[in-house]
Amino acid sequence: MGISGDQFKKMILPISAKLFRIALMMLSGEDDAKDTIQDLYSKLWEQRDKLSEIHNPEAYCVTMIKNLCINRLKMNNRYEILDIMEQEYKLPLFETPEESMIMKENIRKVYQEIDHLPLIQKQVLHLKQFRNCSFEEISEITGLSEGNVRVILSRARKTLKEKIQ
């Protein structure tokens, strides 16, 4: 026996903000995040006959939204985590063109080394440093424990330091 519309709302609405945050962090566009949330709601509604059997609807929905976001990124062929170099960052003003050129070259080296990191290190580093996600949010997005996220981030930073020095 499936769940009613009211039961569906009671189950899903309390976690909607969290699901939206995850989609927004993974997709980095509000419109894409909203579309993905709508896709999630549609899929959940189609599965409403099975939802009453799910013991942890929040975890189920978090997993679904992550998978939908990954599918959307693959479909759009947009791997933002891999495209860090294309983002624009404001650089401090330098006195001479040489100083500016040296800084740009150093930044290019950092991005190049980030690109050589293992994928999970690249993802965690990107979410922490470029998206300002908390360890808890990174844990939710990646499915890793917070402790594991901290270790992976530490290893990524250590590797970058060693490669750049």
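The values are calculated or read from the model by the stated rules, or taken from the named source; none is laboratory data. Here the structure is a predicted model, which means the values were calculated and not measured. Virtual Cβ from ideal backbone geometry, glycine too; neighbours counted across all protein chains shown.
Would the range 42-57 turn up any residue that is surrounded by 14 or more Cβ atoms within 10 Å (Cβ to Cβ), outside the structural domain of Leu125 (by TED's automatic domain parsing), among the hydroxyl-bearing types (Ser, Thr, Tyr) and at pLDDT 90 or above?
no
Taking only pairs six or more apart or across chains, which ones have beta-carbon atoms under 7 Å, a first residue in the range 140-165 that is more than 25 Å from Tyr60 (Cβ to Cβ), and a second residue that is not in a helix (DSSP H, G or I)?
Between residues of the range 140-165 that are more than 25 Å from Tyr60 (Cβ to Cβ) and residues that are not in a helix (DSSP H, G or I), the close pairs are Ala156/Leu117; Thr159/Leu117.
If Cys61 meets every condition in (1) touching a Phe, Trp or Tyr at 6+ places or on another chain (Cβ under 8 Å); (2) modelled with pLDDT of 85 or more apart from one, which number is that one?
For Cys61, the failing item is (1).
Lys34 fails exactly one of the following numbered conditions: (1) at pLDDT 85 or above; (2) surrounded by 15 or more Cβ atoms within 10 Å (Cβ to Cβ). What is the number of that condition?
That leaves (2) as the condition not met.
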